[in-house]
Amino acid sequence: MFWRGCLTPKEATAKATFFSRSCSSTSVLVWPEIRGQIVVGFLDPLETRLKRQLKGWQFDATSGVRFFETNYMGYHFGKPAWSDDYGIALQADDYGRRMVIGVWRNKPRVGKRRFSDELLEAMKAIYQTAHTNSWWEAQVFIQSPAAHWHKPDVLWRMNKERKFLDDVAGQLPQLAKISEPIIDGLVRKHKK
């Protein structure tokens, strides 16, 4: 696999360890860059898999490099007809200390539209702890493959363990498939 900046996770970890031992001010500058490269190394193959399963959908992976540097940074995708009102998202809440998946709603665009009970119930069939908030039609803090993605050992697993990618690449399309007809209906209803 090609790694942006030509760093494998092992090299990135070694580089981060070297810098944090040799100069704490350098590690502050280098670690976010290394972490960003690791995240991009995970998001690229994730997007490849999703595109194979969700033909015609739009994907936004531009946030990868800054995934854990900016709070609430996420990876979003959705159907063009959803007009940026809704999307499926994998989001780093609290800089990755909690990871969220769910159906994101663009609060400034959808305003105070009523939440979809049907969508929340469909998501609760998979994730019992699913809930809503003003930015999420339905969301859940995921536990699998890991709850806290900010930790170095989890960053390592993101790129070293195929089952980590398999887990996330299985959850997102499943969420997309149960959400698609419901969101399509919401969009049609509110375009009138």
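Bear in mind these aren't lab numbers, they're just calculated from the coordinates by the rules spelled out. All of these numbers come straight from a predicted model, not from anything done at the bench. Glycine also receives a Cβ, built like all others from the backbone with ideal geometry; neighbour counts cover every protein chain displayed.
Listed values, structure above:
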| quantity | calculated |
| --- | --- |
| 76, 190 arranged by Cβ crowding within 10 Å, fewest neighbours leading | 190, 76 |
| Length released on extending from residue 191 to residue 174, taking residue separation times 0.36 nm less the Cα-Cα span | 3.5 nm |
| Gain on full stretching of the segment that runs from residue 33 to residue 128 - 0.36 nm per residue minus C-alpha separation | 30.6 nm |
| Mean Cβ neighbour count within 10 Å, used as a protection proxy, ranking 143-154, 128-139 highest first | 128-139, 143-154 |
